[in-house]
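To keep things clear, I will list the structure first and then write my remarks on it.
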Amino acid sequence: MNVIGLDIGTNLIKGVEVKKEKGTFELLNYTFAPAFKESLLSESDIDADKAASRLREFIAESSFSSNNIIASFPETHVFTRVIEIPKMSQKEVEKAVFWEAEQYLPTSIEDVTLNFQILPRDSEEPNQNKTEVLLIAVPKGLVQRFVKILVKAGLTPVGLEPESMSIARSIFYNEKSYPATLIVNIGSEVTNLSILVEDYIRFTRSIGTGGNSLSRAISQELNLEERQAQEYLKSYGLDASKMDGKIKASIEPVFNVILNEIRKSVAYYETRKNFIKVKRVVLCGGTSTVPGVLIYTAQYLNLEVQKADPWKKLLIGGKFSEKELDDTGPMFAAAVGLVLKDV
C-alpha cells in the first residue's frame, strides 16, 4: 500500500510518499512547496474549494502516485494536556476523563473529538494512587473541514492526527530505549514542546514565538523587506562569522525568549517529577535548520541537542541525495511520522 503523509504548515506544505509492505516503509518521493493562501481553517465553501484545488495541484506537481492521505492537524488548534486523576479501573477512567476534560477544555466538550491515553505509572513515582492521562481534543469542525477539503481534492483520507503525535513517532519509532527527551518543534508562528518518557508524551506546551518572529527582528533591525529578511535568516542565522554577526545580533534576543521558555518548561516538569531528568533535546521544524541553531541551543541549555532524522526509519534508495535528506530531515519529521502510523 502506498500512502502520503501530508503536513500543512503556515509557511510550507510538506508531503512524503512511502510504500508500506510487511512492516517496512520504502521512501518513494518527498517534496515541499509554499503553503496555501486559502486557510484550511476557514468555514467558507469558497475557501474550501480553493484549498482543494491548490492541494490537487500540489499532489499532481509532486508526482505522487497515491491518493491515500494521512494528514496532521496544526498543533495551535489542538488541545493536549496531561491530567492526573485518582487510580481507578479502565471503565471508570473513561467516565472520569470526560468529566475532567470539561474543566480544562476552552470550548464545550460537545464541540470536540476527544481521545485519551492512560500513561503507565513509573515505579519511582511516589504517589501510586494517581493515574496520569494524556487528553487530546480536536474541534469537530476542524476534522470535518479537513476531510471535506481532502475529498474535494480527489484524495482518500485514511488517517488524521495532531502534529505532536506524528513527530514523536518519527523520532522514536521502534527505538528500544532512550533517555527522557524534549522535542522542540520550531515552526513559523509557534514553538511546540513535548517531553517523552518511555514512548509516551508526558508534557506539552506551546510558545507563541517562531521563525517569523526571527525574520521580523531582522527586518526591523536592518530595515529589510520581509522576504529578504527570511532569506538572511535561512542563510546566516546564528552564525556570528557571517554578515559581521549582524543577523545573529538581530535574532539573538528573540531566540533567547524561546530558549528561556524551554528552560522554564523543563524546570517545571523536573520539579513535578524529581526522579526524572531531561537528558536530550531533539530539534525539528523548518526554523531548526537555520545555521547555528543546533550549537547555540546546546550551549544555552547545557544539554545534548540533536536535530531530528526521520529518514532513518525508512528504506532509502540511491536516487535520493544524502546531503539533501540530512538538510531537510527536521522539516519532514511530522510528514514521516504520519506515514509510519498504523491505519
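The values are calculated or read from the model by the stated rules, or taken from the named source; none is laboratory data. Source: prediction; values computed, not measured. Here the Cβ is made from the backbone with ideal geometry for all residues, glycine too, and neighbour counts use every protein chain on show.
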>> From the list Arg202, Arg216, Arg272, exactly one residue is over 24 Å from Lys14 (Cβ atoms), within 24 Å of the chain's Cα centre (by Cα) and either buried (at least 21 other Cβ atoms within 10 Å of the Cβ) or basic (Lys, Arg) (or both). Which is it?
In response: Arg202
> What's the number of the condition Thr113 fails, among (1) more than 27 Å from Leu55 (Cα to Cα); (2) modelled with pLDDT of 85 or more; (3) of a type outside the set (A, V, I, L, M, F, W, C)?
Replying inline: (1)
>> If I filter the stretch 194-206 for residues that are among the hydrophobic types (A, V, I, L, M, F, W, C), within 19 Å of Ala298 (Cα to Cα) and touching a residue at least 24 places away in the same chain (Cβ under 8 Å), do I get at least one hit?
In response: yes
> In the stretch 20-35, what residues are under 27 Å from Thr10 (Cβ atoms) and free of Cβ contacts under 8 Å to residues at least 60 places away in the same chain?
Replying inline: Leu28, Asn29, Thr31, Ala33, Pro34, Ala35
> Ala52: in contact with a strand residue (DSSP E or B) (Cβ under 6 Å, 6 or more places away or on another chain), surrounded by 12 or more Cβ atoms within 10 Å (Cβ to Cβ) and on the phi < 0 side of the Ramachandran plot, yes or no?
Replying inline: no
> Asn192: within 17 Å of Ser288 (Cα to Cα), in a strand (DSSP E or B) and touching an Asp or Glu at 6+ places or on another chain (Cβ under 7 Å), yes or no?
Replying inline: yes
> Do the conditions hold for Val266, that is, is it under 15 Å from Leu193 (Cβ atoms), modelled with pLDDT of 95 or more and not in a helix (DSSP H, G or I)?
Replying inline: no
> Are any residues in the stretch 273-300 over 13 Å from Pro330 (Cβ atoms), β-branched (Val, Ile, Thr) and assigned to a helix (DSSP H, G or I), and if so, which ones?
Replying inline: Ile295
> Looking at (1) free of Cβ contacts under 8 Å to residues at least 40 places away in the same chain; (2) in contact with a Phe, Trp or Tyr (Cβ under 6 Å, 6 or more places away or on another chain), which is the one condition that is false for Ser241?
Replying inline: (2)
>> Quick test for you: out of Ser89, Ser66, Ser108, pick the one residue that is surrounded by fewer than 16 Cβ atoms within 10 Å (Cβ to Cβ) and under 26 Å from the mean Cα position of the chain (by Cα).
In response: Ser108
> in a strand (DSSP E or B) and at negative phi, is that true of Glu161?
Replying inline: yes
> Which of the residues that make up the stretch 245-263 are closer than 14 Å to Ile195 by Cβ and among the charged types (D, E, K, R)?
Replying inline: Glu261, Arg263
> Taking into account only those residues within the stretch 282-318 that are more than 24 Å from Asn174 (Cβ to Cβ) and aromatic (Phe, Trp, Tyr), which is surrounded by the most Cβ atoms within 10 Å (Cβ to Cβ)?
Replying inline: Tyr296
> Can you name the residue in the stretch 15-45 that is within 16 Å of Ala60 (Cβ to Cβ) and surrounded by 15 or more Cβ atoms within 10 Å (Cβ to Cβ) and, of all such residues, is farthest from the chain's Cα centre (by Cα)?
Replying inline: Leu28
> When the stretch 321-343 is examined, which residues are found to be closer than 19 Å to Val184 by Cβ and either without any contact (Cβ under 8 Å) to a residue 12 or more places away in the chain or of a type in the set (Asp, Glu) (or both)?
Replying inline: Asp326, Asp327
> Looking only at residues in the stretch 179-197 that are within 21 Å of Glu132 (Cα to Cα) and among the hydroxyl-bearing types (Ser, Thr, Tyr), which one is farthest from the chain's Cα centre (by Cα)?
Replying inline: Thr181
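In the stretch 82-113, which residue that is in a strand (DSSP E or B) and either in contact with a helix residue (DSSP H, G or I) (Cβ under 6 Å, 6 or more places away or on another chain) or of a type in the set (Val, Ile, Thr) (or both) is nearest to Ser194 (Cα to Cα)?
Val82
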>> Quick test for you: out of Lys246, Lys264, Lys279, pick the one residue that is surrounded by fewer than 17 Cβ atoms within 10 Å (Cβ to Cβ), free of Cβ contacts under 8 Å to residues at least 40 places away in the same chain, at negative phi and in contact with a Leu (Cβ under 9 Å, 6 or more places away or on another chain).
In response: Lys246
